[in-house]
Amino acid sequence: MSHWKFIPGAETELYFTTSTVVGWIYIFTEPEYFEIIIDSLKYCQQHKGLRVAGYVIMPNHLHLICAGSKENRLSDIFRDFKHYTARDVLENLRANRRLRELDIFRRAAKRESNGNEHRFWMQGMHPIILESKSLFREKLNYIHSNPVRKEFVELPEHWLYSSARNYVLDDHSILRVECM
């Protein structure tokens, strides 16, 4: 791990974040939808300075342990990430004729009266600053255990879209993370 700072106010503070699909709808159930998230995270790592220390993509939400960069605040990275992923997911839903989900996202946007046709992500990223290594470990264990608690897999590293694979198997083939 390269120079994580567990110091409040540091430019690259480490955060635990959650992003949830409107209505808790299961969208990430097929590889093409997971890949939208993974590709966008990779782009943010390469072009926006996003640093990822842990992640899990569940069927209806995403947890990240991450930091922004000196050039890009985490809130700005997430704004762009959510905009891009929402657009791509909605395009895929249209192409796959998933009309029920599209209707839910259309009604959510109408309730907000913000002029958007659809609302895919709930607002906010709900950041929690990780001020210590023990809090980092607690949140990392929480996100890695998420697929096990839901009984999708028996062991955390069996969930393909989780950094548990990075930590346990040293497998960075899905998404590279900075392991601590």
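The values are calculated or read from the model by the stated rules, or taken from the named source; none is laboratory data. Predicted model only: the values in this text are computed from it and were never measured. Positions of Cβ are backbone-derived with ideal geometry, glycine not excepted, and every protein chain shown enters the neighbour counts.
For region 102-121, check the following and say yes or no: at least one residue is modelled with pLDDT of 85 or more and under 30 Å from LEU140 (Cβ atoms). Within region 102-121 (the criterion being modelled with pLDDT of 85 or more and under 30 Å from LEU140 (Cβ atoms)), the answer is yes, since at least one residue qualifies. Of the residues that make up region 49-66, is at least one over 25 Å from VAL148 (Cα atoms) and of a type in the set (Ser, Thr, Tyr)? The answer is no; no qualifying residue exists. Looking across region 36-92 at every residue that is among the basic types (Lys, Arg) and closer than 27 Å to LEU135 by Cα, the one that is surrounded by the fewest Cβ atoms within 10 Å (Cβ to Cβ) is identified as LYS70.
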